[in-house]
Amino acid sequence: MKAIRVHEFGDPEVMKFEEVPDPQPGPGQVLVRVHAVGVNPVDTYIRAGIYPNKPDLPYTPGTDAAGLVEVIGSAIRRIAVGDRVYTSGTISGAYAEKALCQESQVHRLPERISFKQGAGLNVPYSAAFRALFQRARAVPGETVLVHGASGGVGIAATQFGRAAGLTIIGTAGTEQGRRLAEEQGTHYVLDHHIPKYLDKVLLLTEGRGVDIILELLANVNLGNDLGILTKGGRVVVIGSRGPVEINPRDAMSREAVILGMTLWNASEREAASIHAAIGAGLENGVLNPIVGREMALAEAPRAHRMVIESKAYGKIVLIP
């Protein structure tokens, strides 16, 4: 089969399109014929060698894919050959024509959701759910500011939040992105390129501030986030690309909480809860992943550059 292989950490060009042997499932394992692969920012950090947990070299990148179950090992109970599934991790890597997974890493994909949409589920929707409900403990009636509401995590947070009775204020940097955020259910959308755009958050909340902020670029925004929280407000740091300076008095006066979040820290029970929520949202129509761009698997280097450099608009997916 064809797969992307990384033999050394570095720039996107270290990813090579190669022929490798088909994985063979053992007990409790499932082989998925991949129809689409989701590209996530964390994939780029791991490939660059700057992520704390590094895989052994060489490796095939990626955790998120969708496709059909092709072969199952012994002791498999939930999944059958031919099932449509999405993955929440793999053993062999997702950037490939086939992916070997533990049974716990594959989840049924409803017929109404395409494989391309399914490839955009795991990291964005899991991160959004964990941030909102497992870390921030959001409750109906609260107001949430979603930075980057037109990206994968932002869209997921908006869809989950609207279904849970939250008021969503989103930000996006392009007119196209702001339209998308509105279409997905944000109550208010702000242009984060406008100076002092966060002042509008205070106007929208009649000076009260927001209860929760989902922060995907903490090194740029965290210092300003604290100034628009209500008393007891929470910031969940989902992503950051460097250090940041804050004024502790902004947190002290509001008794605010800054919560870190890493998806991989979710316990087995928390992960099961996340995917139960995703499954229910897919079945009842609440969740609807947005694919912004499709590219060939061999274009993985270009996709890695785009996911970091381009304006967020849905998910980038690779097609084997």
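FYI, it's all coordinate maths here, none of it is from the lab. What you are looking at is a predicted structure, and each value in this text was computed from that prediction instead of being measured. Counting neighbours? That spans all protein chains shown, and the Cβs are built from the backbone with ideal geometry, glycine included.
Quick one: Cα convex hull volume of the range 124-264, Å³ per residue?
Per residue, the Cα convex hull of the range 124-264 comes to 98 Å³.
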Proxy exposure order for Leu68, Leu57 (fewest C-beta within 10 Å first) is Leu57, Leu68
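Distance check, please: which entries in Lys2/Lys116; Lys116/Lys200; Lys116/Lys196; Lys2/Lys54; Lys16/Lys315 exceed 27 angstrom between their Cα atoms? Each step should come with its number before you reach the end.
Details: Lys2/Lys116 19 Å; Lys116/Lys200 36 Å; Lys116/Lys196 37 Å; Lys2/Lys54 23 Å; Lys16/Lys315 22 Å.
Flagged as over cut-off: Lys116/Lys200; Lys116/Lys196.
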Using alpha-carbon coordinates alone, the radius of gyration and Dmax of the chain in Å work out to 19.6, 61
Put in order of increasing Cβ neighbours within 10 Å, starting from the fewest, Thr205, Thr186, Thr262 give Thr262, Thr205, Thr186
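Could you grab the relative contact order for the chain? Cα pairs under 8 Å, six or more apart, rounded to a whole percent. List each step's numbers first, then the result.
Details: 744 pairs, mean separation 59.6, N = 320.
That works out to 19 percent.
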Across all Cα atoms of the range 203-320, Rg and the largest Cα-Cα distance (Dmax), in Å, are 18.1, 52
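Starting with the fewest neighbours, write out Lys315, Lys2 ranked by other beta-carbon atoms found within 10 Å of each beta-carbon. Spell out each step's value before the answer.
Values: Lys315 29, Lys2 15.
Listed from fewest to most nearby Cβ atoms, that is Lys2, Lys315.
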Taking Cα pairs closer than 8 Å and at least 6 residues apart, the relative contact order of the range 124-264 in percent is 22 percent
Summed over the other residues with a beta carbon less than 13 angstrom from that of Ala218, with K and R at +1 and D and E at -1, the charge totals -2
Computed from every Cα-Cα pair in the range 9-151, P(r) in 5 Å bins starting at 0 and rounded to whole percents is 2, 10, 17, 19, 17, 16, 11, 6, 3, 1, 0
